[in-house]
Amino acid sequence: MRAGWAVAVLCLAAGIAPVGAQDLVVRDATVMTASDAGTLNGADVWVRDGRIAAVGPDLAVPAGTPEVDGRGLHLTPGIVDPHSHLATGGHNNETSAPFTPEVRIVDVIDPRDREFTLAIAGGTTTQLILPGSANLIGGQGVVVKNRIGEPLERMVVADAPMAVKFAIGENPIRTYGAKGRSPASRMGSAAALRERFAAVRASGARTAAAGKDGDAAGKESDRILRELIAGRAYAHIHAYRAGEMETLIAIAREAGFTIRAFHHATEAYKIGPQLAQAGIAAVVWSDWFGVKAEAWDAIPWNGPMLLEQGVHVALHSDSVDITRRMHQEAAKVVRYGATREQALRMITRDAAWVLGLEDRIGSIEAGKDADLVLWDADPFSAAARVQQVYIDGRRYFDRATADAEVPR
């Protein structure tokens, strides 16, 4: 009971009346940029109008600019989680049919959910929240920034590319096969996907022949699939086995849609060259394995091996427990062969690429959103704790205030 009360107070302490967006400069920190500049010792970061204005030593800034003392602290970009089910209360699968591209996860997100506070307290500033994996096509995800205390419309990154969630493998087979419905096998899953996209193409051809606007005509579910085919949306695909990923690559090529990433992707190391050639990212865990039959071939060297093969690799949470410890997930992949810079980018810059937002977030560079995290130690240390979190130059979390309000 005491622990629950402590979390509730932390939510209030971190979420009420955050400091307004302001110009500021962080002085003399160890700046882990996640950019080509690497890690800068004793550097400054100037924030102006919610964006990073400059990075470097001894920056000259306008008189009166508030200063944050970064001595002895590490500064990183805000962590980006490219696969989350945060704050949905478990209502993330519409299991009335195996194809539900029209449903939107944003419609069930509770902006007051304490999970947002837990995430930001671990340095996570942005996440792609996705539908679950019960359906072959489960609906539309949404990118949110953890602007706790704000209404949902202020949290949503409205201009992020549309993310459409697919799933292949055990989950849709178990969901529908148990009901005596299709898909009941991996063959049935692939056949159903091909049939669904063939139907959309046929519908579009009939509409065009009738002289109508194909994008505006028909059901909402068909419109979403046409957005995929037109390249205005990305497919994000839950998949574990290498063979199933190869099948989806073939189906995407036939249907004309773009796969942005395979998620979980525990056997991606088996097909790294194919993923690199197709420009498909792998969104993975650091070392999870054996959670179900299709994860038996998972290995902790998956991410580092894929990096060597030229694949975009990002780490993900898939749970609120991991989303507040993403820095520790990154530390673990260093143990299995990634460099520190590669590990940092797997939770920042490369994760931002998966969302299609690499030009805005994911690294500390001039012109990017001022999403910043101050740590009291090297973030790859198990002892590191987040001290402050800024999103678009606005402070949304302060450890000192939060700790002061939590009962001892």
- Task: Search the structure for amide H atoms under 5 Å from the amide H of Met162, placed 1.01 Å from N in the peptide plane, and list their residues when 5 or more places away or on another chain.
- Result: Tyr234
- Using the Karplus curve 6.51 cos²θ - 1.76 cosθ + 1.60 with θ = phi - 60°, work out ³J(HN,Hα) for each residue of the range 28-41 in order, rounded to whole Hz, and write x for Gly and Pro. 6, 9, 7, 9, 8, 6, 6, 10, 5, 6, x, 9, 10, 8
- Query: Can you give me the relative contact order of the chain as a percent, contacts being Cα pairs under 8 Å and 6 or more apart?
  - Reply: 22
- Message: Using 25 Å as the Cα-Cα cut-off, could you pick out the over-long pairs in Lys165/Lys292; Lys165/Lys332; Lys179/Lys292; Lys165/Lys368; Lys145/Lys270; Lys179/Lys270?
- Response: Lys165/Lys332; Lys165/Lys368; Lys145/Lys270; Lys179/Lys270
- Could you list which residues have their amide H under 5 Å from that of Ala54, counting only those 5 or more apart in sequence or on another chain, with H placed in the peptide plane? Trp46
- Item | Cα gyration tensor, the range 134-290 - rounded (a/c under 1.5), prolate or oblate | oblate
- Ordered by residue, what ³J(HN,Hα) values in Hz, to whole numbers, does the range 50-60 give under the Karplus form 6.51 cos²θ - 1.76 cosθ + 1.60, where θ = phi - 60° and Gly and Pro are x? x, 10, 6, 8, 6, 9, x, x, 6, 5, 8
- Pull up all non-local amide H partners of Phe397: gap of 5 or more, or a different chain, and H-to-H distance under 5 Å with H placed in the peptide plane. Val389
- Which angle from 0 to 90°, rounded to the nearest 10, does the C-alpha axis of helix 186-209 make with the longest principal axis of the chain? 80
- Note on the structure: Taking Cα atoms only, helix 220-229 is inclined relative to the longest principal axis of the chain by an angle, in degrees rounded to 10, of 80
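Computed from the coordinates by the stated procedures, all read-outs in this text should not be read as laboratory data. Values in this document were obtained by computation on a predicted structure and should not be read as measured data.
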